[in-house]
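The values are calculated or read from the model by the stated rules, or taken from the named source; none is laboratory data. Since this is a predicted model, take the numbers as computed values, not measurements. All Cβ positions, glycine included, derive from the backbone under ideal geometry; neighbour counts span all protein chains shown. Accessible surface is based on the protein model in full, side chains and every heavy atom, while ligands, DNA and RNA are left aside. Shrake-Rupley method; radii C 1.70, N 1.55, O 1.52, S 1.80 Å.
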Amino acid sequence: MNCVVAEDELSSPYIVLFKSLSLIPISHYLIWVLLIILVFFYNFLEFHLLHDLLVNGLRGDPVTLTYNGGSEFCQFVVSKCGLLRGRYSPTPWLSGPHLQTVFLSIFGNAPRFCYKRHLFKTTDGGTIALDWLMHSDVMQGTSHVSASSQGNDRTPIAIVVPGLTSDSTAAYIKHLAFRLAREGWNVVVSNHRGLGGISITSDFFYNAGWTEDIRRAIDHIHSQFPEAPLFAVGTSIGANVLVKYLGEDGPTTPLVGATAVCSPWDLLICDRFINRRPVQKFYDRVLTIGLQGYAQLHQTVISRLADWEGIKKSMSVREFDNYATRLVGKFETVDTYYRRSSSAQFVGNVAVPLLCISALDDPVCTSEAIPWDECRANENIVLATTKHGGHLGYYEGMTATSMWWVRAVQEYFSVLLSSKFADRTLKVPAPATLNPLESSIDHGPYLNVTEEGMVMAAAEIQTTTQADASNGKEETETALAEVGETRLEHEKTDAAREKTDPHKNSSQLSDQALNDLLAPLKKRVDQLSRGSRKSIWLLAYIAIVTTWPLLGPALLLSIKKRFRNLVPMAYLKK
């Protein structure tokens, strides 16, 4: 009887498998579950410790540089900045963009020092807190801004623009300020309105595209220290504001050089990115809480200008911008605010030396928004991208007390300061670009028909009419003047001939006078024909290509018939 039961059990493979699995100790199952969880979190949190250890030997990955190869400035910077030509090796126990970013927010390992605050009033009644850290503060342990030596002080000044809801007390700002001050710079942090413990004193608020405050602050500092070279550093949203300001002002800015670190570039793309995956939504929620805290500090003013109930219920940055930023800034929609505030459309107008640093694994500002082609086309920009680094993290060394991007900014500023490019009078104007709010659809290589019936490329027409409008007007006036002069000369000649030879054939005189009269106009027509020869050949090429599917078979059939008539029938029969 027992044998029969055993045979029935053995006849089912699932029963055999279940009995085999039941013989494995539970501790082994727990180990496998733990390994699966570790693999999941390793991929979910984007760790790269194994890759760094096995592939790179903890040497890090090389920095990728994108710049205009024909630019003298770019070649100079690349040849002199060793950190940009080297590698970035992250802290081994922070081998991941999320670890880098979270560690910066929670711990930071920032140096300790005190700023000297100066309050600056804007024309609209707003208040901006300028926090100074002088070179003498770090070297001597004092904290002062001497008003008597401001006019002739030639110590270089670095103006720092913090990120969203950040101020001068942020860990990454302190890392940057302390290092620059220790290397001989005077540093001033331009806090956003309502941050740094300052109340909002007007109905204007800062946002991702608000450049008026940084413009006023830079002009104010330049007026206080006219002999000092001015540099600027923007971080995160501050980098977007700084690049937008540089594009708006072009060569008129008093800045000598600038750096944009972890800029979002295109706010619309970053908004889509930060709502794409669960881990990004975590950052979105954290940023929203920070914005709600900012609004809570200034509730009396914001509740009067925005939708306070919507602000309290906001679960994302986009919702907060819809209920607060859009209304205060008077934008039609949130997407309109994002498009108009994005700095990517202003990159082509930057006319001062600019270093851009971005991490390809940035969990907040995606690399999809980086304007690669615009940076490569501008001779004033060097774009440095790293494979890792997180958002403003870039911690290096076993103790994580140093930040790579801070060292890179300090080296770049020092190299730029000691070069000829630090002279404000030598700034190269940026090439003319389209209006940031203007569509580029109508500027492609399409055909255009002028009022005179001439067909040519639209891009060629635009450049000709814009660059040579005055020349064309002058040529037309010259031709008319020549016609008038010729007419007067022939009138005088005809009058003299009538007196000397009244029986001369008047028809011959009239024909010659007409030819001489039209000679200048024929000359201008010939010049116009030579100028449009390229467009005529282009039109002929387009006509042949478009009509060949219809005319080609007919032409081949005609050739075959003629060839058949020429060849003897006897030869064709063979």
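If the condition is being open to solvent by 10 Å² or more (accessible area, probe 1.4 Å), closer than 15 Å to Arg340 by Cβ and in contact with a strand residue (DSSP E or B) (Cβ under 6 Å, 6 or more places away or on another chain), then the stretch 229-248 contributes no residue at all. Say whether the condition of being of a type in the set (Lys, Arg) and either out of contact with any strand residue (DSSP E or B) (no Cβ under 9 Å at 6 or more places or on another chain) or surrounded by 16 or more Cβ atoms within 10 Å (Cβ to Cβ) (or both) is met by at least one residue in the stretch 80-89. Within the stretch 80-89, one or more residues are of a type in the set (Lys, Arg) and either out of contact with any strand residue (DSSP E or B) (no Cβ under 9 Å at 6 or more places or on another chain) or surrounded by 16 or more Cβ atoms within 10 Å (Cβ to Cβ) (or both).
Could you please tell me which pairs satisfy a Cβ distance under 7 Å, a separation of 6+ or placement on different chains, a first residue in the stretch 199-216 that is within 17 Å of Ala239 (Cα to Cα), and a second residue that is open to solvent by 70 Å² or more (accessible area, probe 1.4 Å) and not polar (S, T, N, Q)? Within 7 Å, the pairs are Gly209/Arg340; Thr211/Glu248.
The numbered conditions (1) open to solvent by 40 Å² or more (accessible area, probe 1.4 Å); (2) closer than 18 Å to Ala359 by Cβ are all true for His48 except (1). Out of all the residues in the stretch 304-328, which are aromatic (Phe, Trp, Tyr) and within 26 Å of the chain's Cα centre (by Cα)? Phe320, the sole residue that qualifies. For the stretch 201-223, enumerate the residues that are surrounded by fewer than 21 Cβ atoms within 10 Å (Cβ to Cβ), touching a strand residue (DSSP E or B) at 6+ places or on another chain (Cβ under 9 Å) and modelled with pLDDT of 95 or more. Hits for the stretch 201-223 are Arg216, Ala217, His220, His222.
Yes/no matrix, rows are residues, columns are (1) modelled with pLDDT of 95 or more; (2) at positive phi:
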site: Arg154; (1), (2): no, no
site: Pro162; (1), (2): yes, no
site: Thr169; (1), (2): yes, no
site: His175; (1), (2): yes, no
site: Gly196; (1), (2): no, yes
site: Val233; (1), (2): yes, no
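A search for C-beta distances below 6 Å between a residue of the stretch 143-162 that is farther than 21 Å from Gln410 by Cβ and hydroxyl-bearing (Ser, Thr, Tyr) and any residue that is open to solvent by less than 40 Å² (accessible area, probe 1.4 Å) and modelled with pLDDT under 90, counting only pairs 6+ apart in sequence or on different chains, returns Ser143/Asp137.
When the residues of the stretch 356-370 are filtered to those that are closer than 16 Å to Arg272 by Cα and under 12 Å from the mean Cα position of the chain (by Cα), the one that is most open to solvent (accessible area, probe 1.4 Å) is Glu368.
Comparison of Pro254, Pro226, Pro278 shows that the only residue that is in contact with a Gly (Cβ under 8 Å, 6 or more places away or on another chain) and either open to solvent by 30 Å² or more (accessible area, probe 1.4 Å) or at negative phi (or both) is Pro226. Of (1) open to solvent by less than 100 Å² (accessible area, probe 1.4 Å); (2) of a type outside the set (Phe, Trp, Tyr); (3) without any contact (Cβ under 8 Å) to a residue 60 or more places away in the chain, Thr66 satisfies all except one. Which? For Thr66, the failing item is (3).
Note on the stretch 386-408: among residues that are in contact with a Leu (Cβ under 6 Å, 6 or more places away or on another chain) and within 15 Å of Leu65 (Cβ to Cβ), the one that is most open to solvent (accessible area, probe 1.4 Å) is Lys387.
Yes or no, residue by residue, for (1) among the aromatic types (Phe, Trp, Tyr); (2) without any contact (Cβ under 8 Å) to a residue 24 or more places away in the chain; (3) in a strand (DSSP E or B):
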| residue | (1), (2), (3) |
| --- | --- |
| Met315 | no, no, no |
| Glu319 | no, no, no |
| Tyr323 | yes, yes, no |
| Arg326 | no, yes, no |
| Tyr338 | yes, no, no |
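Within the stretch 226-247, restricting attention to residues that are in a helix (DSSP H, G or I) and of a type in the set (Val, Ile, Thr), the residue that is farthest from Leu195 (Cα to Cα) is Val243.
Kindly establish whether Glu212 is of a type in the set (D, E, K, R) and farther than 16 Å from Thr123 by Cβ.
Judged against the criteria, Glu212 is not a match.
Residues in the stretch 386-411 that are assigned to a helix (DSSP H, G or I) and not aromatic (Phe, Trp, Tyr): Val406, Arg407, Ala408, Val409, Gln410, Glu411. Selection over the stretch 256-272 of residues that are under 22 Å from His388 (Cβ atoms) and in a strand (DSSP E or B) gives a count of 3. Taken over the stretch 371-385, the residue count meeting the criterion of being crowded, with 24+ Cβ neighbours inside 10 Å and either part of a strand (DSSP E or B) or of a type in the set (A, V, I, L, M) (or both) is 3.
In the stretch 323-355, the qualifying residues are those that are surrounded by 21 or more Cβ atoms within 10 Å (Cβ to Cβ) and among the polar types (S, T, N, Q), and the one that is nearest to Val233 (Cα to Cα) is Ser343.
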